[in-house]
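For reference, the structure is listed below as structure tokens.
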Amino acid sequence: MQNPLMAHVPEIKRPVIIGNTALLSFGTFVFVLLVLLAACSPAPVVITLKVFAASSLQDVFTKMATAFEAANPGVKVAINFAGSQQLVQQLAQSASADVFASANPAQMTAAIKAGRVVSGTAKDFARNRLVVVMPKDNPGKLQTLQDLGKPGLKLVLATKEVPVGQYSMDYLTKTLNEAGFGTAYRDAVLKNVVSYEESARAVLSKVSLGEADAGIIYLTDIASDLKDKVISIEIPDALNTVAVYPIAPIKDAEQPDHAAKFLEFVLSKAGQKMLSDYGFATVTP
Amino acid sequence: MNNRKPAAGGLWRLLSVPLLVFFLLPLVALVARASPESIAANLVSMPVRQAIGLSFSTTMASIAIVFVFGIPVAWLLKSPRTRLERLTDTLVDLPTVLPPSVAGIALLLAFGRRGLLGPGLHAMGVDVAFTTLAVVLAQTFVSAPFFIKSAAIAFAGIDIDLVQAAELDGAGAWQIFRHITMPLAWAGLVSGLVMSWARALGEFGATILFAGNLPGVTQTMPLAIYIGFEANLDIAVTLSVILMALSFTALLLAKALLNRSR
């Protein structure tokens, strides 16, 4: 019988396998599909603790996760690092999470407003401060904070949508009433900004690559492995903003017990020691 | 036996549903989230207009560069025969498979102040990083392959007899290019250009790494969407819808042109 689907194939040497090639390839397709589905079947049960943490916590939380996993066999800590705002947006869109560590109280409040954190459950666990950072060979020849206003300087800040960017703006606002700075200084500094980066880390990358003459980041950012590529100028307390980091369990956490344990660990002596190793000021009274 | 064909076709159609729904759902969600009022209000806001304007001007510059410098490359690659030509062909494919962030870092290391060409450019008074030029270079880098590939196929499809006939009639190389090659390859060139433009319009990773983010200078629509996501979801959604509408129109246009030429 002439197979209608094979009608276009020349009569000579037609391979006789199964009647219908379309159905054959269809069968193959279904088989592959089943194999793929089988490959997706659940792995051995391991509890995953989902931690949403501000970008600036990347190094220290990665280390904490390892320590926490070692102390709690069977628990895997998966950390989602991003700007605090972005994390809150994700939480507001019902992203599944167990713990939220924010780089500022404002975003913790936003998470409470979004209904993902219960008011009063957040605890401050670390403090951070701003610092001006330059490439090691200092191409902009910066000596003082006033030099940030030098004409032609390439300055990179974080965008004000992320906490470190807002703190950088706060620094400029605070200089308005400070002797030796003032409005002209602020305007000159803003004129020197060539980019508003998405995070302190992105600022640091541009500076350590030598593409920018200076940037403003967290003190803890230069405690990371780029320490030998950059130098810094301190910002005095009066002009600096002390960033407070709150941490809280997520209201509808899938792993509430482990979330509580993780919080406990971050606030413990060992956890606080790790934070101070990475340049954070701790909260222990 | 005749009823098998439509049955199998129906099954294929059924099996194609999951992925198509998966494509469609996020887009529908995006449009559903954006209220017309918010789009109207955001369209007149300064940051949004700046981002749209910058995206428009930079992508126009990029596709102009892609067109002028892409045509010779496409001509070269219309039928890659030698090993070197095939190698070049693969090189042209590379930007489409590289993650844009890799492209951004590579561009920074090549054209940045401390990059390969940086010191030389700096001596000539040109600093590329953090400028609008960097945006254009990033877009050109990631989008050029789409045009080159499409143009090469269009050139390869030209009947050699026509060219030889024109030569026989005494047409010069430029005349042949102008009156035979270009008109015959036109649809392929335009559709390639539209694809390149759409890719340039969506370019994000290479831009934010190489050009940075400064409203009015380097903040194109995708960057404004990303930064907006951290602060103002309304602006981000509005820009996303506009970007999606533009890309969709561009692709439809490209396909229509291609179909007409067939």
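Looking at this structure, is A:S84 outside the structural domain of A:S208 (by TED's automatic domain parsing), among the polar types (S, T, N, Q) and surrounded by 22 or more Cβ atoms within 10 Å (Cβ to Cβ)?
The answer is yes for A:S84.
Quick one: in the stretch B:219-240, which of the residues that are in contact with a Leu (Cβ under 6 Å, 6 or more places away or on another chain) and assigned to a helix (DSSP H, G or I) is surrounded by the fewest Cβ atoms within 10 Å (Cβ to Cβ)?
Filtering the stretch B:219-240 for residues that are in contact with a Leu (Cβ under 6 Å, 6 or more places away or on another chain) and assigned to a helix (DSSP H, G or I), the one surrounded by the fewest Cβ atoms within 10 Å (Cβ to Cβ) comes out as B:I225.
List the residue pairs whose Cβ atoms are under 9 Å apart, where the first residue sits in the stretch A:53-80 and is among the charged types (D, E, K, R) and at pLDDT below 90, the second is surrounded by fewer than 22 Cβ atoms within 10 Å (Cβ to Cβ) and part of a helix (DSSP H, G or I), and the two are 6 or more positions apart or on different chains.
That search, which allows pairs on different chains as well, returns A:D59/A:A223.
Any residue at all in the stretch B:210-218 that's closer than 16 Å to B:V136 by Cβ, at the interface with chain A (Cβ under 8 Å from one of its Cβ atoms) and in a helix (DSSP H, G or I)?
No, that holds for no residue.
Mind checking whether some residue in the stretch A:230-241 is modelled with pLDDT of 90 or more and of a type in the set (G, A, S)?
No: zero hits.
What's the total number of residues in the stretch A:152-176 that are among the polar types (S, T, N, Q), within 12 Å of another protein chain (Cβ to nearest Cβ) and part of a helix (DSSP H, G or I)?
Result for the stretch A:152-176: 1.
For the stretch B:32-49, what are the residues that are over 11 Å from B:L239 (Cα atoms) and either surrounded by 14 or more Cβ atoms within 10 Å (Cβ to Cβ) or touching a residue at least 60 places away in the same chain (Cβ under 8 Å) (or both)?
B:R33, B:A41, B:S45
Residues to consider are A:I222, A:I250; find the one that is in contact with a strand residue (DSSP E or B) (Cβ under 7 Å, 6 or more places away or on another chain) and modelled with pLDDT under 90.
A:I222
Going by the structure shown, is A:I231 in contact (Cβ under 8 Å) with a residue 12 or more places away in the chain, part of a strand (DSSP E or B) and away from every other protein chain (no Cβ under 14 Å)?
Yes; evaluated as a whole, the condition is true for this residue.
Checking the structure you have, find out if any residue of the stretch B:50-69 is polar (S, T, N, Q), surrounded by 16 or more Cβ atoms within 10 Å (Cβ to Cβ) and within 14 Å of chain A (Cβ to nearest Cβ).
yes
Scan the stretch A:155-167 and report the pairs whose first residue is farther than 22 Å from A:E211 by Cα and not assigned by TED's automatic domain parsing to the domain that holds A:S55 and whose second residue is of a type in the set (S, T, Y) and surrounded by fewer than 23 Cβ atoms within 10 Å (Cβ to Cβ), with Cβ atoms within less than 7 Å and a gap of 6+ or a chain change.
A:Y167/A:T241
For B:Q139, only one of the following conditions fails: (1) touching a helix residue (DSSP H, G or I) at 6+ places or on another chain (Cβ under 9 Å); (2) within 12 Å of chain A (Cβ to nearest Cβ). What is its number?
(2)
Looking at this structure, is B:L209 among the hydrophobic types (A, V, I, L, M, F, W, C) and modelled with pLDDT under 85?
The answer is no for B:L209.
Kindly indicate which of B:A187, B:A165, B:A173 is more than 26 Å from B:P100 (Cβ to Cβ) and surrounded by 15 or more Cβ atoms within 10 Å (Cβ to Cβ).
When all the criteria are applied, what remains is B:A187.
Mind counting the residues in the stretch B:70-100 that are touching a residue at least 60 places away in the same chain (Cβ under 8 Å), loosely packed, with under 11 Cβ neighbours inside 10 Å and within 16 Å of the chain's Cα centre (by Cα)?
Total meeting the criteria: 1.
Within the stretch A:182-207, which residues are part of a helix (DSSP H, G or I) and crowded, with 23+ Cβ neighbours inside 10 Å? Full working, then the answer.
Applying the first criterion (part of a helix (DSSP H, G or I)) to the stretch A:182-207 yields A:183-192, A:200-207.
Those that are part of a helix (DSSP H, G or I) and crowded, with 23+ Cβ neighbours inside 10 Å: A:V189, A:A200, A:A202, A:V203, A:L204, A:K206, A:V207.
In the stretch A:115-143, how many residues are hydrophobic (A, V, I, L, M, F, W, C) and surrounded by fewer than 16 Cβ atoms within 10 Å (Cβ to Cβ)?
Here the count works out to 1.
Residues that are in contact with a Gly (Cβ under 7 Å, 6 or more places away or on another chain): list the helices (runs of 4 or more DSSP H) wholly contained in the stretch B:115-172 that include at least 3 such residues.
Ranges flagged: B:132-156.
Condition (residue is away from chain B (no Cβ under 14 Å), under 22 Å from A:A243 (Cα atoms), of a type outside the set (D, E, K, R) and outside any helix (DSSP H, G or I)) applied to the stretch A:143-151: is it met by at least one residue?
no
Can you tell me which condition A:K154 does not meet? The list is (1) buried (at least 18 other Cβ atoms within 10 Å of the Cβ); (2) within 19 Å of the chain's Cα centre (by Cα), and all the others hold.
(2)
From the list B:A236, B:A231, B:A224, exactly one residue is within 30 Å of A:N192 (Cβ to Cβ), modelled with pLDDT under 85, within 22 Å of the chain's Cα centre (by Cα) and within 14 Å of chain A (Cβ to nearest Cβ). Which is it? If you could, list the steps in order and put the result at the bottom.
Values: B:A231 fails: within 22 Å of the chain's Cα centre (by Cα); B:A224 fails: modelled with pLDDT under 85.
Exactly one of B:A236, B:A231, B:A224 is within 30 Å of A:N192 (Cβ to Cβ), modelled with pLDDT under 85, within 22 Å of the chain's Cα centre (by Cα) and within 14 Å of chain A (Cβ to nearest Cβ), namely B:A236.
Any residue that is surrounded by 21 or more Cβ atoms within 10 Å (Cβ to Cβ), under 21 Å from A:G215 (Cβ atoms) and small (G, A, S) - is there at least one of those in the stretch B:146-158?
For the stretch B:146-158, residues surrounded by 21 or more Cβ atoms within 10 Å (Cβ to Cβ), under 21 Å from A:G215 (Cβ atoms) and small (G, A, S): absent.
Being within 22 Å of A:T282 (Cα to Cα), away from chain B (no Cβ under 14 Å) and of a type in the set (A, V, I, L, M, F, W, C) is true for just one of A:A200, A:A184, A:A122, A:A179. Which residue is that?
Working: A:A200 fails: away from chain B (no Cβ under 14 Å); A:A184 fails: within 22 Å of A:T282 (Cα to Cα); A:A179 fails: within 22 Å of A:T282 (Cα to Cα).
A:A122 is the lone residue from the list that is within 22 Å of A:T282 (Cα to Cα), away from chain B (no Cβ under 14 Å) and of a type in the set (A, V, I, L, M, F, W, C).
Of these, B:L193, B:L251, which one is touching a residue at least 24 places away in the same chain (Cβ under 8 Å) and surrounded by fewer than 22 Cβ atoms within 10 Å (Cβ to Cβ)? Talk me through it step by step, then tell me what you get.
Numbers: B:L193 fails: surrounded by fewer than 22 Cβ atoms within 10 Å (Cβ to Cβ).
It is B:L251.
Taking the stated definitions as given, is A:L263 assigned by TED's automatic domain parsing to the domain that holds A:M64 and either within 28 Å of A:T66 (Cα to Cα) or within 22 Å of the chain's Cα centre (by Cα) (or both)?
yes
Quick one: which strands (runs of 3 or more DSSP E) sit completely within the stretch A:87-142 and have at least 1 residues that are of a type outside the set (F, W, Y) and without any contact (Cβ under 8 Å) to a residue 12 or more places away in the chain?
none
The values are calculated or read from the model by the stated rules, or taken from the named source; none is laboratory data. Remember, predicted model here, so these are calculated numbers, not experimental data. Note: ideal-geometry Cβ built from the backbone for every residue, glycine included; neighbour counts use all protein chains shown.
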